[in-house]
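The values are calculated or read from the model by the stated rules, or taken from the named source; none is laboratory data. Treat the numbers as computed from the prediction; the structure is a model and nothing was measured. Because the Cβ atoms are built from the backbone with ideal geometry, glycine has one as well, and the counts that use them run over all protein chains shown.
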Amino acid sequence: MTRVALIHTGAVVIAPITTQARAALPDATLFNYLDDRIVADLGDDEHAASVPDRLVHLAEAARLAGAEVVMLTCSSISGYAGDTAARAGIPVLRIDEAMADEAVAIGARIAVIATLRTTLTPTVALLRERAALAEMTPALTEEVVDGAFAAVSAGDRPLHDRLVGDAIRRLAAGADVVVLAQASMASAATTVDVGVPVLTSIVPGIARLAEHLAQGSRTPGPMDAGDAS
């Protein structure tokens, strides 16, 4: 039976991602790894340097447990996919890569919304990377929604969704597509109707994972490093 490992940086996304993965991959065995200090440590000069090794250790543990592929479920760590795959010897996918490809294909004006600066920066970098591969140069608008991360961390999902929803409405007026940088923001997308697509990462990310598995196991290559679709 196929084994798939999911590496998370926050407990709040484990349930929705696992639910989607089970629906898309009913015959796979899923297991989760969580390091809920990574996002905080990425903003801390003293501890940020430890993050690459920590991700490699988690991916190595997944390989030893029989996983065929690892998926990073947090946009804050997407940029480490290539290094982690190469060092751990296992394909490593990014949950937000398919979303980025979809955004680039939709239009030239992309609004990017996050609740953490440590997630906004790598998401913008990913969009630029995928746009360059598509030979496109979209205009990006960026915003971090103050107070939203604190709200969801405290269990106040309605406040989080209201704050993010307000940002979606504001930025959608000048965009062809809105990208929500974090999987934890997905619930806010269901609260608004703004006339342009509002993209989240879980559904397209898991669909790409299923596509990867359908192609069969292979050694880490450009796709696993996040360099090509």
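Quick notes on this structure:
- Within segment 122-166, the set of residues being β-branched (Val, Ile, Thr) and touching a helix residue (DSSP H, G or I) at 6+ places or on another chain (Cβ under 9 Å) comprises Thr123, Thr137, Thr141, Val144, Val145, Val152, Val164.
- Residue check, Val112 assigned to a strand (DSSP E or B) and either touching a residue at least 12 places away in the same chain (Cβ under 8 Å) or under 21 Å from Ala189 (Cβ atoms) (or both): yes
- Asp161 satisfies every condition listed in (1) modelled with pLDDT under 95; (2) more than 20 Å from Val124 (Cβ to Cβ) except (1).
- Selection of segment 129-140 for residues being under 15 Å from Arg94 (Cα atoms) and either modelled with pLDDT under 95 or not acidic (Asp, Glu) (or both) yields only Arg130.
- Of the criteria (1) closer than 21 Å to Ile38 by Cα; (2) in contact with a Leu (Cβ under 8 Å, 6 or more places away or on another chain), which one Leu140 fails: (1)
- Taking segment 161-183 as the range and being closer than 12 Å to Ile113 by Cβ, touching a residue at least 60 places away in the same chain (Cβ under 8 Å) and crowded, with 24+ Cβ neighbours inside 10 Å as the test, the residues that pass are Ala175, Val178, Val179, Leu180, Ala181, Gln182.
- Picking from residues in segment 1-44 that are among the basic types (Lys, Arg) and in contact with a Ser or Thr (Cβ under 9 Å, 6 or more places away or on another chain), the one that is nearest to Thr73 (Cα to Cα) is Arg37.
- Exactly one residue out of Thr123, Thr137, Thr119 is part of a loop (DSSP other than H, G, I, E, B) and either within 15 Å of the chain's Cα centre (by Cα) or surrounded by fewer than 22 Cβ atoms within 10 Å (Cβ to Cβ) (or both), and it is Thr137.
- Val104 being out of contact with any Ser or Thr (no Cβ under 6 Å at 6 or more places or on another chain) and aliphatic (A, V, I, L, M): yes
- Residue count for segment 8-38, restricted to those that are closer than 17 Å to Val69 by Cβ and touching a Cys at 6+ places or on another chain (Cβ under 8 Å): 1
- Residue within segment 182-201 that is part of a strand (DSSP E or B), at pLDDT 95 or above, under 20 Å from the mean Cα position of the chain (by Cα) and not basic (Lys, Arg) present: yes
- Any hit, segment 164-177, residues being more than 16 Å from the chain's Cα centre (by Cα) and closer than 24 Å to Ala21 by Cβ: yes
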